[in-house]
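Q: Shown below is the structure under consideration.
The values are calculated or read from the model by the stated rules, or taken from the named source; none is laboratory data. Given the structure is predicted, the values throughout are model-derived calculations rather than measurements. Positions of Cβ are backbone-derived with ideal geometry, glycine not excepted, and every protein chain shown enters the neighbour counts. Side chains are part of the model used for accessible areas, which takes the heavy atoms of the whole protein and leaves out ligands, DNA and RNA. Shrake-Rupley method; radii C 1.70, N 1.55, O 1.52, S 1.80 Å.
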Amino acid sequence: MSWNPETRIKKLALAYHTGWEYAPGSREAGSVLTDLFVDMMRDNQERYKNIWEKHRQEFLAVIPPQECKEHRLKTGLAVRVSGESHGGRLARKSRVYLAPEEGSPMYFAAQEQIQLTAARLVCAIYQKGLCAWQTYLGSRDGTQDAFGIPLFQAVGTQLCHPVFCWYFQGLCCSKASVRFRVEFDKQPDSESFWEDRILPGSWTISDGTNAYPLEWLQSKDGCVIQGDTPAFAGNLEEIRYELCLEIPGEEELSSVWLEILCGEISFIEEDACREPELCLTAAGACDGKRLLPFTDEPDTAACCYLACDAAGALKGMEAAFRFTEKYQTEENPPPPVPREYRKLYKKYPWLKVSSLNMQEWRVRETVWEYFDGSLWRELPGSREWKIGCRPGESAERLFRWKVPKDIRPCSVEGEEHIYIRLRPVRVDNAYAACYRKEIPVLENFCLEISERRIQPTERKLPDVSEAGQSRMYLGFDREITCDNRWYADSKCVAFSAGQIKGRAERFGREAFWVELECREPIVLSCLYANYVEILELSEEGEPRNFDVKLPMGTVFHVETDRFGVLDAVSVYDGRGTVPWKERQWRRSFPAGFGRVVSVSDINVLVQNRYPPVKVFSCEYIEKDRELAVVLEHSADRGALQKLLPEIGEWLEETLHQTGLLWLSDCRVACMIKDAGFEAVPGEELTKCGREE
């Protein structure tokens, strides 16, 4: 049998007054309008959007009007205070007035006593682990109106990131390139760590004037750091070097690496064999492949200078000269006696010149010396180590010597280096007319440096205890106390004694610091000092008109005993809307039909009771038996924050008493739609329903 919706709709008035129960799926009065309206909305919501409002008005017209009690206007102010008023107190019930351009002043009273402060937020710093960012640096015009502060978010100017510094004496002196094997005292548990976990960041080494990047190499065989350092080749005096590992904020350093780097570290320079930087003799400069230390005319004035810059960083350690000692022979025999002189010399032998006899021209004694900055001093044990005393022999020679701690560079023939010189002390027959020379020749001359382990003399490392911590610091230009009240977004804030850390310097910023507990990332849209709620003073016989609008930013005037009249600005409109009586709303038609499940249904309920509030979405979570309602405010999010508990309790009670049977024991969770994020629960209002 066909049915006429119009006929059924007419029965709604009867259902409204008789209190018929709604049966899901029934075509009897009480269900037709709702079912029909939902179906029509699915077909063409835009076309039928006015039908619901039309019928709502028809039913509301039959409800007798309810008298509303007068509610006085209530709002919150941020009092502006100068330095002279800092630390003073605003008494409870202090008079506040608003002087509009037209009409008579409106008078209010402060609802609590507060301590006044002239402190201004100058910076906000977020520290996460070993990194820190300056998320807010005070407003340019010196005011604090309408600013945003990212809290617990890694944004803004980066102030700090992990930096590890080790300092060494003479680590790279005279080195145009470096290569060190790195060993750590602390080792990871897994042997595959060195292959899988590459150390992030960049290495640099500096002598205070020049800085060079280094390359980090890592394999299962160990870690190596190397690079070119051309300017360090000219560093002959002992210099302090800084080896730095810098981890950028965008790269993550694991806790294992942090523990390893904060332990003991050693740099190992492997065995090296190198030619002297320069060899100077009386004959000029030459290399170490074939060296005549005393030229081909050895005498006590001849010296051989060997530039050993590589030994500059080995003070107090042992080095060695390795070479092959050979000899070249040169003879200058006496000239042959003329035949006509032979008989004469035979008859008169005293006429024969004895100095023309063949003599051995030889280096008998040598000494190794170094320069101490003013004098040439003998290397210990060098006299027992002689060159040129074994003519005719060819052999490998090795001279080990301990690098003196007072060795200094000097200039020889315009070349400044660290020199070791070889000087002949005694030469036989150096000026004989007829001679046989055994001239020393040193071939393949090189300086050998054995492996050495170098440990830093000083370290500057991050604080390991901060690695797993997150902190938010707010820096003020004046001292603040626990009695100061602040307005932040939608609530009043007072910092506890544990949060107030006092004046200090953090990350190069001098301020009075407050430390906030770790929370989820949010953007704090405002932080107003000296927050106080005010209530309008009633005037007998002159009830206030509730159509008065007080937008945020309205300027008020506060009367004080000590500081005269102070200006204040409204930070939210706390007036809201005068609520209807519960009996009226229980008779309201949407709840009477029982279908309070769609966004439109909930929105009608909420907007009639709280006009500025709009339902963004609602969802029934069957598993938790909870109706999640996401709300938004047309003007003031702070006002909505305060209304959340009231809205949640009222909406839940409405569902329990007049809603569908399957909603009779559900909970209601009201949440605020947060700009830039998904809908998040209001603070302390995750569950607005009754306790189980």
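Q: Condition check: open to solvent by 40 Å² or more (accessible area, probe 1.4 Å), modelled with pLDDT of 85 or more, within 28 Å of the chain's Cα centre (by Cα) and farther than 30 Å from residue 281 by Cα. Does residue 497 satisfy that? Outline the logic, then answer.
A: Values: open to solvent by 40 Å² or more (accessible area, probe 1.4 Å): yes; modelled with pLDDT of 85 or more: yes; within 28 Å of the chain's Cα centre (by Cα): yes; farther than 30 Å from residue 281 by Cα: yes.
Spelling it out, residue 497 is indeed open to solvent by 40 Å² or more (accessible area, probe 1.4 Å), modelled with pLDDT of 85 or more, within 28 Å of the chain's Cα centre (by Cα) and farther than 30 Å from residue 281 by Cα.
Q: Which residues, taken from the range 315-340, are farther than 14 Å from residue 273 by Cα and surrounded by 12 or more Cβ atoms within 10 Å (Cβ to Cβ)? Lay out the reasoning, then the answer.
A: Taking the range 315-340 first, the residues farther than 14 Å from residue 273 by Cα are 315-317, 324-340.
Within the range 315-340, 315, 317, 324, 325, 326, 327, 330, 332, 334, 337 meet the criteria.
Q: Another one. Report yes if some residue within the range 533-549 is assigned to a loop (DSSP other than H, G, I, E, B), out of contact with any Phe, Trp or Tyr (no Cβ under 6 Å at 6 or more places or on another chain) and at pLDDT 80 or above; otherwise report no. If you could, list the steps in order and put the result at the bottom.
A: Keep residues of the range 533-549 that are assigned to a loop (DSSP other than H, G, I, E, B), which gives 537-549.
Those still in the list that are out of contact with any Phe, Trp or Tyr (no Cβ under 6 Å at 6 or more places or on another chain) too: 538-549.
Checking which are at pLDDT 80 or above leaves us with none.
No, because not a single residue in the range 533-549 is assigned to a loop (DSSP other than H, G, I, E, B), out of contact with any Phe, Trp or Tyr (no Cβ under 6 Å at 6 or more places or on another chain) and at pLDDT 80 or above.
Q: A further question on this structure: Restricting attention to the range 318-346, and to residues there that are assigned to a loop (DSSP other than H, G, I, E, B) and out of contact with any Phe, Trp or Tyr (no Cβ under 7 Å at 6 or more places or on another chain), which single residue is nearest to residue 297 (Cα to Cα)?
A: Here is the first cut: in the range 318-346, the residues assigned to a loop (DSSP other than H, G, I, E, B) are 333-338.
Still in the list and also out of contact with any Phe, Trp or Tyr (no Cβ under 7 Å at 6 or more places or on another chain): 333-336, 338.
Values: 333: 16, 334: 18, 335: 20, 336: 24, 338: 29 Å.
Residue satisfying both the conditions and the ranking: 333.
Q: Six or more apart or on different chains, Cβ atoms under 6 Å: show the pairs whose first residue is in the range 273-289 and open to solvent by 30 Å² or more (accessible area, probe 1.4 Å) and whose second is hydroxyl-bearing (Ser, Thr, Tyr).
A: 282/295; 283/295
Q: Among 119, 146, which is small (Gly, Ala, Ser) and either at pLDDT 90 or above or surrounded by 20 or more Cβ atoms within 10 Å (Cβ to Cβ) (or both)? It would help to see each step written out before you state the result.
A: Details: 146 fails: either at pLDDT 90 or above or surrounded by 20 or more Cβ atoms within 10 Å (Cβ to Cβ) (or both).
Unique residue meeting the criteria: 119.
Q: Condition test on residue 428, is it open to solvent by less than 50 Å² (accessible area, probe 1.4 Å) and farther than 20 Å from residue 319 by Cβ? I'd like the intermediate steps shown before the answer.
A: Numbers: open to solvent by less than 50 Å² (accessible area, probe 1.4 Å): yes; farther than 20 Å from residue 319 by Cβ: yes.
In short, yes.
Q: Go through the range 613-652 and give me each residue that's surrounded by 18 or more Cβ atoms within 10 Å (Cβ to Cβ) and free of Cβ contacts under 8 Å to residues at least 40 places away in the same chain.
A: Across the range 613-652, the qualifying residues are 613, 615, 618, 633, 652.
Q: List pairs: first in the range 542-565 and farther than 17 Å from residue 100 by Cα, second of a type in the set (D, E, K, R) and at pLDDT below 80, Cβ under 6 Å, 6+ apart or cross-chain?
A: From residues that are farther than 17 Å from residue 100 by Cα, the pairs are 543/70.
Q: Right, something else. When the residues of the range 403-415 are filtered to those that are in a strand (DSSP E or B) and at pLDDT 90 or above, which remaining residue is surrounded by the most Cβ atoms within 10 Å (Cβ to Cβ)? If you could, list the steps in order and put the result at the bottom.
A: Step one: list which residues in the range 403-415 are in a strand (DSSP E or B), which gives 410-412, 415.
Restricting the remaining residues to those that are at pLDDT 90 or above gives 410-412.
Numbers: 410: 19, 411: 10, 412: 16.
The qualifying residue surrounded by the most Cβ atoms within 10 Å (Cβ to Cβ) is 410.
Q: Is it fair to say residue 524 is among the aliphatic types (A, V, I, L, M) and either under 30 Å from residue 264 (Cβ atoms) or free of Cβ contacts under 8 Å to residues at least 12 places away in the same chain (or both)? Spell out the reasoning first.
A: Values: among the aliphatic types (A, V, I, L, M): yes; either under 30 Å from residue 264 (Cβ atoms) or free of Cβ contacts under 8 Å to residues at least 12 places away in the same chain (or both): no.
Taking the combined requirement at face value, the residue does not satisfy it.
Q: Might you let me know whether the range 203-215 holds any residue that is open to solvent by 50 Å² or more (accessible area, probe 1.4 Å), over 30 Å from residue 405 (Cβ atoms) and of a type outside the set (A, V, I, L, M, F, W, C)?
A: Looking only at the range 203-215, we keep the residues that are open to solvent by 50 Å² or more (accessible area, probe 1.4 Å), and these are 204, 208-211, 213, 215.
Add one more test, that the residue is over 30 Å from residue 405 (Cβ atoms), and what stays is 213, 215.
Restricting the remaining residues to those that are of a type outside the set (A, V, I, L, M, F, W, C) gives 213, 215.
Yes, the range 203-215 has at least one match.
Q: Scan the range 304-322 and report the pairs whose first residue is within 17 Å of residue 406 (Cα to Cα) and touching a residue at least 12 places away in the same chain (Cβ under 8 Å) and whose second residue is of a type in the set (Ser, Thr, Tyr) and assigned to a loop (DSSP other than H, G, I, E, B), with Cβ atoms within less than 6 Å and a gap of 6+ or a chain change.
A: What qualifies is 309/174; 310/174; 312/174.
Q: If you don't mind, another one. Which of the following residues is of a type outside the set (Asp, Glu), outside any strand (DSSP E or B) and at pLDDT below 90: 383, 426?
A: On the way: 426 fails: outside any strand (DSSP E or B).
So the residue among 383, 426 that is of a type outside the set (Asp, Glu), outside any strand (DSSP E or B) and at pLDDT below 90 is 383.
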